[in-house]
Amino acid sequence: MKLEKLRALGMLLSALTLAAAGCGKKPQTSPPAPTNASAGGVEKIKQEAKDAVTATTGYLTQQKERLQKSLSDKMTDLTKQLSDLKAKSERTGDKARSEWTNALAALQQKKQLAADKLEQLKNSSSDKWQEFKAEVEAAVADLEKALKDPLARSKNDDKSSKQ
């Protein structure tokens, strides 16, 4: 029995010795995981980001130019309609001319507001133009709507004068 106790004690001492020896060692670590952020990788990512910004800026510039062209064309058409109304109003009687003068003055103000908003849009930078987009579209739509009644009335006046 003594022999068994001695062996057990010996095994215990061996285990403690091994454990104590292991405590002094640094734990074995695996080498750092390879990263894609090498110097060339970082430059590639930077270039891709610049390319994305350039592409986005180009797209926004195209969108702005298309909107400007569309609204400018619409303004040209509305200005022509306004001029036609003015010319027709000059051929009417005194009472009708007074009514037309008031209507045309209101239309002229709406036209000027729309033209001013369009100019703001044209002068805005490619990253700020969208702030003006809704305003200019609303101003042009307001002018367009305001012109419908006088245009219809003008056409009705033309029909009645031909009869």
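The values are calculated or read from the model by the stated rules, or taken from the named source; none is laboratory data. Only a predicted model underlies this, so the values are computations on that prediction, with no experimental measurement involved. When we count neighbours, we look across all protein chains shown, and the Cβ atoms used for this are built from the backbone with ideal geometry, even at glycine. Quick note on the areas: whole protein, heavy atoms, side chains included, nothing else; ligands and nucleic acids left out. Shrake-Rupley method; radii C 1.70, N 1.55, O 1.52, S 1.80 Å.
Listing for the model above:
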| read-out | value |
| --- | --- |
| Residues (over 20 Å from LYS148 (Cβ atoms), at pLDDT below 80 and either open to solvent by less than 40 Å² (accessible area, probe 1.4 Å) or among the charged types (D, E, K, R) (or both)) located in the range 92-118 | ASP94, LYS95, ARG97 |
| Inter-residue pairs, beta-carbon under 6 Å, first farther than 13 Å from ARG153 by Cα and in the range 77-102, second of a type outside the set (Gly, Ala, Ser) and loosely packed, with under 12 Cβ neighbours inside 10 Å, 6+ apart | none |
| Near pairs, Cβ below 7 angstrom, 6+ apart or cross-chain, from the range 120-136 (farther than 14 Å from SER72 by Cβ) to any residue that is assigned to a helix (DSSP H, G or I) and of a type in the set (Phe, Trp, Tyr) | SER124/PHE132 |
| From the options LYS155, LYS148, LYS128, LYS80, residue that is modelled with pLDDT under 80, surrounded by fewer than 14 Cβ atoms within 10 Å (Cβ to Cβ) and of a type outside the set (S, T, N, Q) | LYS155 |
| ALA87 vs. criteria modelled with pLDDT under 75, hydrophobic (A, V, I, L, M, F, W, C) and over 30 Å from ASP127 (Cα atoms) | no |
| Any hit, the range 120-128, residues being part of a helix (DSSP H, G or I), aliphatic (A, V, I, L, M) and either touching a His at 6+ places or on another chain (Cβ under 8 Å) or within 28 Å of THR57 (Cα to Cα) (or both) | yes |
| Number of the exception - GLU135 against (1) surrounded by fewer than 15 Cβ atoms within 10 Å (Cβ to Cβ); (2) modelled with pLDDT of 90 or more | (1) |
